[in-house]
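Visitor: Can you keep this structure in mind? I'll have questions shortly.
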Amino acid sequence: MVLKLHGFPLSTCTRLVALICKEKDIPYELIAVDLMKGEHKSPAFKEHQPFGQVPYIDDDGFILYESRAICRYLINKYPNQGTLGLIPTGLQAEALFEQASSVECTNFATTAGPLMAEKVFKPRRGLQTDEARAAEYLAGLNAKLDAYDVILGKQRYLAGETVTLADLQHLPYGALVCYSGHADVFSSRPNVARWWNEISDRPTWNAVKNGA
Amino acid sequence: MVLQLYGFPTSTCTLRVAVVLKEKNVPFEFHMVDLTKGEHKAPAFVANQPFGQVPYIDDDGLILYESRAICRHIATKYASQGTALIPTDPKAYALFEQAASIETSNFDPFASGLAWELRFCMWFGGQTDEARAKTLRTSLAGKLDAYEVILGRQKYLAGNEVTLADLFHLPYGAIILDIGIDEFSSRPNVKRWWDAVTSRPTWQAVKDGIA
């Protein structure tokens, strides 16, 4: 049975999973969840995803949510097809991958995410941007990317010399940061700019960036 | 060479690593990084941890930071000793990754945000933003409602065995309780789970700080 991806075409987290499906040549069926109608908060949806968030997958009856966990599951399930090495093997390479993946969660997502909530998601819902808070998040993101520039001055990608899931995890919110007029957070830092251009140029990302 | 842990004795993320070292019976040498003197922002430190954060480890020359990554490394390297903390069966492992992600995206931002607003920001001359603290608490409560459902079906977050995902909650869960934010006790399944995880002798051994 084809993998079912329950999500929203433009949702950041849904597009991350779609990206990994493209990277790993995994066919999938997108089953649209109507966020506007609050479908993700319905009892039927919350049966599968108790937090009421998209996406979740149904892999032949196996239900899994949390986009990064879904990505890891798919990469591990299909180690020999599509892009190889998205999760490296070997104790040291794995450790450095986990470090990079954690950096995305704790240093990037925690600044870029709330910044996008203020600048993009709140206006879409008719709410007002808290400019002071947005400025705080932007300052935080800039500070984190200073550290990224040091790391990426020593190696091509976040976990080493080859692309991994840790790099790709940045794409959906990173693209939104650019869309919202803050592309300079990447372009103003030479190593970050090189890295960002490489990963955002991937044909797999371009295939899903405007809709999963 | 004995594993070297660089951190602060009571730092949440340092304790996250310490509890896993105990669970896996891995000896370590602790080096205090004096946060009060800004040692974590000094060039010598930042050379090893570019974000200027604690902790990091030196495992026989492998420098590793991000406490959850360090924990994963220890749990994997020492898989055959101490408590099994990462399942090996593919589906159980996937559910572990789901649980680990739940902690980072549905618990940590709110718990650590509350810890900042209600305690840590004062240490740096800041002031509690009461409105923000209230929003964070409401969000945390909503998330723990989902935890209550999950933990009504199974003993721990990833299934019926404890995993790293449960342990990852310890430091910030303990801090917010200490501050007086108790969103656990009113939720019977969450309370059961929290009591089980916090009563582990390994947590009891490190919760008040490591030397």
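The values are calculated or read from the model by the stated rules, or taken from the named source; none is laboratory data. In this text the structure is predicted, and so the values were computed from the model without any measurement. Methodologically, a virtual Cβ is constructed for each residue, glycine included, from the backbone with ideal geometry; neighbour enumeration extends over all protein chains shown. Side chains included, ligands, DNA and RNA excluded: accessible areas come from the protein's heavy atoms. Shrake-Rupley method; radii C 1.70, N 1.55, O 1.52, S 1.80 Å.
Visitor: Considering only segment A:111-139, state which residues are hydroxyl-bearing (Ser, Thr, Tyr) and free of Cβ contacts under 8 Å to residues at least 12 places away in the same chain.
Guide: A:129
Visitor: As an exercise: evaluate residue B:138 against (1) open to solvent by 50 Å² or more (accessible area, probe 1.4 Å); (2) within 12 Å of chain A (Cβ to nearest Cβ) and give the number of the one condition it does not meet.
Guide: (2)
Visitor: Whether any residue in segment B:165-182 is open to solvent by 50 Å² or more (accessible area, probe 1.4 Å), within 15 Å of the chain's Cα centre (by Cα) and among the hydrophobic types (A, V, I, L, M, F, W, C) is what I want to check.
Guide: yes
Visitor: On the basis of being among the aliphatic types (A, V, I, L, M), over 19 Å from the mean Cα position of the chain (by Cα) and either within 20 Å of residue B:115 (Cβ to Cβ) or in a helix (DSSP H, G or I) (or both), does residue B:190 make the cut?
Guide: No, not satisfied.
Visitor: Considering only residues that are closer than 12 Å to residue A:19 by Cα, at the interface with chain B (Cβ under 9 Å from one of its Cβ atoms) and polar (S, T, N, Q), which ones fall in segment A:66-88?
Guide: A:67
Visitor: Evaluate the following for residue A:38: is it surrounded by fewer than 20 Cβ atoms within 10 Å (Cβ to Cβ) and at the interface with chain B (Cβ under 9 Å from one of its Cβ atoms)?
Guide: No.
Visitor: Hey, residue B:208 hits all of (1) among the charged types (D, E, K, R); (2) out of contact with any Asp or Glu (no Cβ under 7 Å at 6 or more places or on another chain); (3) free of Cβ contacts under 8 Å to residues at least 60 places away in the same chain but one; which does it fall short on?
Guide: Status for residue B:208: all satisfied but (3).
Visitor: Please count how many residues of segment A:12-33 are of a type outside the set (Lys, Arg) and either modelled with pLDDT under 95 or more than 14 Å from the chain's Cα centre (by Cα) (or both).
Guide: 9
Visitor: If I go through segment B:69-97 residue by residue, how many of them are open to solvent by 20 Å² or more (accessible area, probe 1.4 Å) and within 8 Å of another protein chain (Cβ to nearest Cβ)?
Guide: The number of residues fulfilling the criteria is 7.
Visitor: Being away from every other protein chain (no Cβ under 11 Å), within 19 Å of residue A:145 (Cα to Cα) and open to solvent by 60 Å² or more (accessible area, probe 1.4 Å) is the filter here, so list the residues in segment B:25-57 that pass it.
Guide: The first filter runs over segment B:25-57 and keeps only residues away from every other protein chain (no Cβ under 11 Å), leaving B:25-45, B:48, B:54-55.
Applying the additional criterion that residues be within 19 Å of residue A:145 (Cα to Cα) yields B:40-43, B:45, B:48, B:54.
If the condition is that a residue be away from every other protein chain (no Cβ under 11 Å), within 19 Å of residue A:145 (Cα to Cα) and open to solvent by 60 Å² or more (accessible area, probe 1.4 Å), then B:41, B:43 are the ones that fit.
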